[in-house]
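The values are calculated or read from the model by the stated rules, or taken from the named source; none is laboratory data. Since the model is a prediction, treat every value here as computed from it, not as a measurement. Glycine also receives a Cβ, built like all others from the backbone with ideal geometry; neighbour counts cover every protein chain displayed.
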Amino acid sequence: MSKLSRSEICRLAAIKRWAKPGEKERMSIALTGKKMPPTSEETKLKISVALKGVKKPDGFAEQLRIANTGKKHSEETKNKLRIIGAGRVMSDESKIKLSKSTSGKKKPEGFGEKISKRKKGVPASQQQKDRQSVTMSEKYASGELISWITGKHHTEEAKQLNREATIKRLTDGKYPKTNTKIEQIMYSALVELGVDFVHQYNFNNKFVCDFAIPIYKIIIECDGDYWHNRSDAKKRDAPKNAYIPKCGWTLLRFWETDIHNNLQKCLDEIINNMNYKQAL
């Protein structure tokens, strides 16, 4: 590092002495109306090194906040700050200090809206998502956070409204549902069979069924060997299994293994039920 010039030494000395009584006022009067020349990057570095470890007086942050109230960074300054901060990761120690310093303090009016506007349209990185997911999981596990829905129950009316809205989005194609491999196989088989069927059938605004043959009142469900053997899946399927037959429809369920290994057997059962319904 090159030797400091006299002016730079004076500037550093003034900065180090700024905490002395009256020093700030004298400097302010002396510099009134004078435009300081731009500081070089080298000088900024020297100042930074010189001030490292110098403790700021009590109330400094509050005075600085008041002094900067109403002031706005230029776009050029904002871009410089973005470049400086790019790729920086705050240490856990700094996070704890920041958290303690802001704890209990009321955010200024419009703070939330500013953050929202700034983040709008900016997708979170996968690293941010993973970090947030871990943090939230830990908070819920420790009991620090409790879900707003814990202990609450929807009314039957609310459940039905939610059910109808979900079913409508599914049937309108606005709520993406990935068709399973066995659904794709069954779809192709029914097309080849020449059957007039409906995929993702809305059954009385209560359920969405994999396939329906309305003219014969037949519902076809394709069940994965793993998922539909789970206790929660069985519990979820029970109302459908009870309700559909009560409405005079036939519910046919085919396991993944049968669709893969013996598709013709599944189709024969569908055809037999169609012939039976036709004969009635």
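Every listed requirement among (1) at pLDDT below 75; (2) under 25 Å from Arg131 (Cα atoms); (3) loosely packed, with under 10 Cβ neighbours inside 10 Å is met by Gly53 save one, (2).
Pick out the one residue from Val208, Val191, Val198 that is aliphatic (A, V, I, L, M), farther than 18 Å from Tyr276 by Cα, touching a Leu at 6+ places or on another chain (Cβ under 7 Å) and modelled with pLDDT under 95. Going through Val208, Val191, Val198 in turn, just one is aliphatic (A, V, I, L, M), farther than 18 Å from Tyr276 by Cα, touching a Leu at 6+ places or on another chain (Cβ under 7 Å) and modelled with pLDDT under 95: Val208. Among the residues making up the stretch 102-139, those that are within 30 Å of Thr69 (Cβ to Cβ) and of a type in the set (D, E, K, R) are Lys105, Lys106, Lys107, Glu109, Glu113, Lys114, Lys117, Arg118, Lys119, Lys120. The residues in the stretch 145-159 that are at pLDDT below 75 and either among the polar types (S, T, N, Q) or surrounded by fewer than 10 Cβ atoms within 10 Å (Cβ to Cβ) (or both) can be counted, and the count is 7. Taken over the stretch 60-88, the criterion of being farther than 19 Å from Arg118 by Cβ and of a type in the set (D, E, K, R) is satisfied by Glu62, Arg65.
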